[in-house]
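The values are calculated or read from the model by the stated rules, or taken from the named source; none is laboratory data. The structure presented is a predicted model; accordingly, all values stated were derived computationally and were not measured. No Cβ is skipped: glycine too gets one built from the backbone with ideal geometry, and neighbour counts run over all protein chains shown. Note: areas computed on protein heavy atoms with side chains; ligands, DNA, RNA excluded. Shrake-Rupley method; radii C 1.70, N 1.55, O 1.52, S 1.80 Å.
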Amino acid sequence: DEAEEEDVFCVVCAGSTNEGGTVLICNKCDAECHLTCAGLSRVPKGDWLCTSCAPKQPKQPKETKQPNRVESEQAAPAPVPAGAK
């Protein structure tokens with residue numbers, strides 16, 4: 001009796017990861033993801049975390065232009081880095 005291979009699915013596309021191709025396995029929860037579904041062209045060095053386990057990046061608020069605002073003709077001066085003279 002041969003042991004049947006358990007069907008495992010990609011956390012991005014829900015396709016089988018047993019079909020071949022490179023598969024990443026989350027170092028935290030063991031979720032599997034096709035390399036291409038992770039948006040990568042090669043296996044990363046070190047640990048890889050799925051989207052559920054990766055630290056969440058704070059969302060940057062989108063700049064919205066005010067419809068009736070008149071743009072200044074001159075650009076504001078560039079900020080001077082701290083410690084610069």
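So the values come out like this:
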| read-out | value |
| --- | --- |
| Matching residues in the range 29-75 - criterion: being aliphatic (A, V, I, L, M), at pLDDT below 70 and open to solvent by less than 100 Å² (accessible area, probe 1.4 Å) | Ala75 |
| Tabulated pairs, the range 36-58, first under 21 Å from Ser16 (Cβ atoms), second open to solvent by less than 60 Å² (accessible area, probe 1.4 Å) and in a loop (DSSP other than H, G, I, E, B), C-beta under 6 angstrom, 6+ apart or interchain | Cys50/Cys26; Cys50/Ala31 |
